[in-house]
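Structure first, commentary second.
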Amino acid sequence: MRAGRTLEVVGQVEQLARYPNVSVKLSAAPNLSNQAYPFTDFNEPIRRLFNAYGPQRCYWGTDLTNGFARASYRQRVTHFTEALDFLSEADRDWIMGRALMARLNWA
């Protein structure tokens with residue numbers, strides 16, 4: 001995806017954050033990035049969406065079947081658990097599963 005288009009879409013998705021029943025899955029970076037792991041060109045869009053939605057409404061997913069050749073499962077996990085330095089340990093806990101479990105009333 002072109003950088004300008006990415007930022008346009010991120011801006012549109014940010015606007016939806018005002019609705020408390022809307023959440024966002026932040027796992028498309030490996031498939032949309034113009035760079036190899038750790039997909040640093042996608043850090044700012046992820047940060048913007050994270051700041052708009054907060055850790056309780058952001059979810060991680062593999063998106064593995066949409067781009068297996070772009071990144072391994074391990075890289076997709078460590079992208080969020082190690083490479084995104086603006087996330088705290090508590091933020092990572094929410095994004096990597098706690099938020100989705102809470103949304104689905106599984107916790």
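The values are calculated or read from the model by the stated rules, or taken from the named source; none is laboratory data. Small disclaimer: the values here were computed from a predicted structure and weren't measured. All Cβ positions, glycine included, derive from the backbone under ideal geometry; neighbour counts span all protein chains shown.
Restricting attention to the stretch 92-107, the residues that are farther than 22 Å from E44 by Cα, aliphatic (A, V, I, L, M) and not in a loop (DSSP other than H, G, I, E, B) total 3. Residues that are loosely packed, with under 14 Cβ neighbours inside 10 Å and under 24 Å from A71 (Cα atoms) within the stretch 48-60 are absent altogether. For the stretch 78-91, the candidate set comprises residues that are of a type in the set (A, V, I, L, M) and assigned to a helix (DSSP H, G or I); within that set, the residue that is nearest to L32 (Cα to Cα) is A83.
Identify the residue in the stretch 55-71 that is free of Cβ contacts under 8 Å to residues at least 12 places away in the same chain and not β-branched (V, I, T) and, among all such residues, is nearest to K25 (Cα to Cα). Filtering the stretch 55-71 for residues that are free of Cβ contacts under 8 Å to residues at least 12 places away in the same chain and not β-branched (V, I, T), the one nearest to K25 (Cα to Cα) comes out as F68. Note on the stretch 1-77: enclosed helices (runs of 4 or more DSSP H) holding 2 or more residues that are small (G, A, S) are 3-15.
Conditions (1) loosely packed, with under 13 Cβ neighbours inside 10 Å; (2) in contact with a strand residue (DSSP E or B) (Cβ under 8 Å, 6 or more places away or on another chain), marked per residue:
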| site | (1), (2) |
| --- | --- |
| S23 | no, yes |
| S27 | no, yes |
| D41 | no, no |
| L64 | no, no |
| Y73 | yes, no |
| L84 | no, no |
| S88 | yes, no |
| W94 | no, yes |
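Please work out which residue is surrounded by the fewest Cβ atoms within 10 Å (Cβ to Cβ), limiting yourself to the stretch 1-21 and to residues that are modelled with pLDDT of 95 or more and of a type in the set (D, E, K, R). Per the criteria, the residue is R18.
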